[in-house]
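Trainee: Following this message is one structure expressed as structure tokens.
The values are calculated or read from the model by the stated rules, or taken from the named source; none is laboratory data. Since this is a predicted model, take the numbers as computed values, not measurements. Here the Cβ positions follow ideal geometry from the backbone for every residue, glycine too, while neighbour counts run over all protein chains shown. SASA here: full protein model, heavy atoms, side chains in, ligands and nucleic acids out. Shrake-Rupley method; radii C 1.70, N 1.55, O 1.52, S 1.80 Å.
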Amino acid sequence: MSQFYSDKVLEHFKNPRNIGSIPEGDDVGIGQIGNPVCGDIMKIFIKVGKRDGVEYVEDVKVQTLGCGAAIATSSMATEMIKGKPLAEAEELTNQAVVEALDGLPEVKKHCSALAAQAIKAAIEDYRGKC
Amino acid sequence: MNCAITNTMKVYLDYAATSPLDPQVLEAMLPYFKEKFGNASSIHSWGQEAREAVDEARETAANFLNCGTQEIIFTSCATESNNLALKGVTESTGKVPHLIVSPIEHHCVLDAAKHLEETGAAEVTWLPVDQYGLVDPGDVEKSIKENTILASVMFVNNEVGTVEPIAEIGRMLKKEPKVYFHTDAVQAIQYLDCDVQELGVDLLSMSAHKFYGPKGVGALYIKKGTSITRQQDGGGQEHGMRAGTENVAGIVGLGRAIELVVNSQSQTVNRVRNLRDRLIGGVLQIPDVKLTGHSEKRAPHIASFMVAGAEGESILLMLNEEGIAGSSGSACTSGILEPSHVLTAMGISPELSHGSLRLSLGKQTTEDEIDYVLEKLPPIIEGLRKMAPK
């Protein structure tokens, strides 16, 4: 691959999905993770709904201050958990996000960890309210 | 150099990274790839033709720097010139010498000095710089020790454009004949007076591709009498200071590029400076954007900023979408995930250098291009800030 970022990364960077915030509430979890390595910050908001007694991600929003990889992973990771059961969202791995983006440059792989960590932190925040 | 592709202009504002080859330089080089292909060390006419061309370029470089032709060594790039300067001077002394180095040097000077330090070949004092990236000549003087052999301070900082007080340091070091003075003048050649007598330097590095010459060729001025050991062994080329068959076409290109600088310097400097000031004035209209580097002691072609609340690489990617080329010192763009050592040395926090943006102009830059950037940049920054956590 000759270009630095895959077409998919660039597409998500240019048209990031789920940007924004969700107002605080009992059914909302918020997770913010700062990357001490590069200075990127990611904040994920999840709104939890119930379907057949199973908690799921009814809505998700993200705010990101960071590079192309950070913005693209925020976008892709939120797309991947939207509508999914909470238990499944919690299991989202860095590797899955990287693969969904058709790869990330080696030096940028830590950015994908940020998204997975922010999602976990948001779920934990929500669970703390139950 | 704006060409219309649909509605997008192409605006190259990364001249501090590299510049396009001037067609006149290419024209001068071409015969030395083809019919004039001789090895400058050969005795026959092919070789002598190449030798003459190399000698002519050496004379051009020597006239430009106001030195003797014996004092010019052609190299492969400024990185090689800088490595040769620091390592060559260090190696030429018997005991462990002391070097004084500014912390805002290009990586090739910085890492050469660190290498010497880490391998125990030299002691290094790292100079402080102020918030503008300026070295205080007094600090250089205070750092001199019994075993000091070299001070290295760049002429123009490549990231923020600050012009260092080289002539002042040079004058001060005249009182210290055992301390050689090296300057990396890569960003200065086009725009500043590089007379080595005026500057008081013993070693000066340059690279052709920064001033419309080809990549792969540079030069090092080494003042006559300087004690220095060559770093590349082999043949006796370059007065025995740099072995290896001369890059004849490249050297011809470097010579021609210097001629073009000499012919156009006075007009280019003012024109580029005015455009840079137009750019800086416009960019500073955007809220929470600050200029980095000195506002006056600044090379004509470099505009550099800190943008709060937006990350440098993202700004570059968005600019690229609009056909605009720039660069950044943010950790995310560094490849080593560290914020720019230059901005850090200037006391700028990693959070702020996260939003670093450098736009560097060249002789082809136009007012239309600057206005186009001033139209495109504010919404890009606004958009990225909207995405960021509040």
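Trainee: Being among the aliphatic types (A, V, I, L, M) and buried (at least 24 other Cβ atoms within 10 Å of the Cβ): is that true of B:ALA257 here?
Mentor: In short, yes.
Trainee: State the number of residues belonging to region B:150-191 that are in contact with a Ser or Thr (Cβ under 8 Å, 6 or more places away or on another chain), under 30 Å from B:HIS209 (Cα atoms) and open to solvent by 10 Å² or more (accessible area, probe 1.4 Å).
Mentor: 6
Trainee: Of (1) away from chain A (no Cβ under 14 Å); (2) in contact with a strand residue (DSSP E or B) (Cβ under 7 Å, 6 or more places away or on another chain); (3) of a type outside the set (Phe, Trp, Tyr), B:ARG273 satisfies all except one. Which?
Mentor: Just one mismatch for B:ARG273, condition (2).
Trainee: Just checking, which of B:LEU361, B:LEU352, B:LEU319 is over 24 Å from B:VAL11 (Cβ atoms) and either of a type in the set (Ser, Thr, Tyr) or in contact with a strand residue (DSSP E or B) (Cβ under 8 Å, 6 or more places away or on another chain) (or both)?
Mentor: Details: B:LEU361 fails: over 24 Å from B:VAL11 (Cβ atoms); B:LEU319 fails: over 24 Å from B:VAL11 (Cβ atoms).
The conditions single out B:LEU352.
A quick yes/no check of all residues on (1) of a type in the set (Ser, Thr, Tyr); (2) in the same structural domain as B:ASP371 (by TED's automatic domain parsing); (3) part of a loop (DSSP other than H, G, I, E, B):
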site	(1), (2), (3)
B:THR245	yes, no, yes
B:VAL252	no, no, no
B:ARG273	no, yes, no
B:ARG276	no, yes, no
B:GLY282	no, yes, no
B:ILE286	no, yes, yes
B:LYS290	no, yes, no
B:GLY293	no, yes, yes
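Trainee: May I ask you to list pairs of residues, at least six apart or on different chains, whose Cβ atoms are under 7 Å apart, with the first in region B:214-232 being at positive phi and the second being assigned to a loop (DSSP other than H, G, I, E, B)?
Mentor: Sorted first by the residue in region B:214-232, then by its partner, the pairs are B:GLY216/B:SER76; B:GLY216/B:CYS77; B:GLY216/B:ASN247.
Trainee: Tell me, yes or no, whether region B:12-26 has at least one residue that is assigned to a helix (DSSP H, G or I) and open to solvent by less than 40 Å² (accessible area, probe 1.4 Å).
Mentor: If we filter region B:12-26 for residues that are assigned to a helix (DSSP H, G or I), which is where we start, we get B:23-26.
Then drop every residue that is not open to solvent by less than 40 Å² (accessible area, probe 1.4 Å), which leaves B:25.
Within region B:12-26, one or more residues are assigned to a helix (DSSP H, G or I) and open to solvent by less than 40 Å² (accessible area, probe 1.4 Å).
Residues are listed down the side, and each one gets a yes or a no for (1) more than 13 Å from the chain's Cα centre (by Cα); (2) not charged (D, E, K, R):
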| residue | (1), (2) |
| --- | --- |
| A:ASN35 | yes, yes |
| A:LYS43 | no, no |
| A:LYS50 | yes, no |
| A:GLY53 | yes, yes |
| A:VAL62 | no, yes |
| A:ALA69 | no, yes |
| A:MET80 | no, yes |
| A:VAL98 | no, yes |
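Trainee: Find the residue count for region B:180-210, including only residues that are farther than 22 Å from B:HIS107 by Cβ and either outside the structural domain of B:LEU110 (by TED's automatic domain parsing) or free of Cβ contacts under 8 Å to residues at least 60 places away in the same chain (or both).
Mentor: Total meeting the criteria: 4.
Trainee: Does region A:1-21 hold any residues that are within 10 Å of chain B (Cβ to nearest Cβ) and either open to solvent by 70 Å² or more (accessible area, probe 1.4 Å) or closer than 13 Å to A:GLN117 by Cα (or both), and which are they?
Mentor: Result: A:PHE4, A:LYS14.
Conditions tested, residue by residue: (1) in contact with an Asp or Glu (Cβ under 7 Å, 6 or more places away or on another chain); (2) at the interface with another protein chain (Cβ under 9 Å from one of its Cβ atoms); (3) modelled with pLDDT of 95 or more; (4) under 18 Å from A:ALA69 (Cβ atoms).
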site: B:GLY335; (1), (2), (3), (4): no, yes, no, yes
site: B:LEU352; (1), (2), (3), (4): no, no, no, no
site: B:SER360; (1), (2), (3), (4): yes, no, yes, no
site: B:LYS376; (1), (2), (3), (4): yes, no, yes, no
site: B:ILE381; (1), (2), (3), (4): no, no, yes, no
site: B:LYS390; (1), (2), (3), (4): no, yes, no, no
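Trainee: Continuing with the same structure: Pick from region B:309-340 the residues that are more than 24 Å from the chain's Cα centre (by Cα) and farther than 23 Å from A:THR73 by Cβ: which of them is surrounded by the most Cβ atoms within 10 Å (Cβ to Cβ)?
Mentor: B:GLY323
Trainee: Then there is this: Does B:THR245 satisfy being within 14 Å of chain A (Cβ to nearest Cβ) and over 27 Å from A:ALA72 (Cα atoms)?
Mentor: Taking the combined requirement at face value, the residue does not satisfy it.
Trainee: Taking strands (runs of 3 or more DSSP E) that do not extend beyond region A:22-95, which have at least 3 residues that are closer than 25 Å to A:GLU106 by Cα, open to solvent by less than 20 Å² (accessible area, probe 1.4 Å) and at pLDDT 95 or above?
Mentor: Qualifying strands (runs of 3 or more DSSP E): A:54-65.
Trainee: All but one of (1) under 20 Å from B:LEU13 (Cα atoms); (2) open to solvent by less than 30 Å² (accessible area, probe 1.4 Å); (3) touching a residue at least 60 places away in the same chain (Cβ under 8 Å); (4) assigned to a helix (DSSP H, G or I) hold for B:PRO378; which doesn't?
Mentor: (2)
Trainee: Somewhere in region B:341-358, is a residue within 30 Å of B:GLY213 (Cβ to Cβ), free of Cβ contacts under 8 Å to residues at least 40 places away in the same chain, open to solvent by 10 Å² or more (accessible area, probe 1.4 Å) and in a loop (DSSP other than H, G, I, E, B)?
Mentor: no
Trainee: OK, next. Quick check: is even one residue across region A:84-103 within 25 Å of B:LEU316 (Cα to Cα) and within 11 Å of chain B (Cβ to nearest Cβ)?
Mentor: no
Trainee: A further question on this structure: If you take the residues of region B:206-248 that are within 26 Å of B:LYS36 (Cβ to Cβ) and of a type in the set (Phe, Trp, Tyr), which of them is nearest to the chain's Cα centre (by Cα)? Outline the logic, then answer.
Mentor: Filtering region B:206-248 for residues within 26 Å of B:LYS36 (Cβ to Cβ) gives B:206-220, B:232, B:234-248.
Next, only the ones that are of a type in the set (Phe, Trp, Tyr) stay: B:211-212.
Details: B:PHE211: 10, B:TYR212: 13 Å.
Here the answer is B:PHE211.
Trainee: A further question follows. Cβ-Cβ under 8 Å, sequence separation 6+ or interchain: first residue in region B:156-168 and under 10 Å from B:LEU192 (Cβ atoms), partner of a type in the set (D, E, K, R) and not in a helix (DSSP H, G or I). Which pairs?
Mentor: Here the result reads B:VAL156/B:GLU164; B:VAL163/B:LYS297; B:VAL163/B:ARG298, each pair linking region B:156-168 to a residue that is of a type in the set (D, E, K, R) and not in a helix (DSSP H, G or I).
Trainee: In region B:91-115, what residues are part of a helix (DSSP H, G or I) and either small (Gly, Ala, Ser) or buried (at least 23 other Cβ atoms within 10 Å of the Cβ) (or both)?
Mentor: Result: B:VAL109, B:ALA112, B:ALA113.
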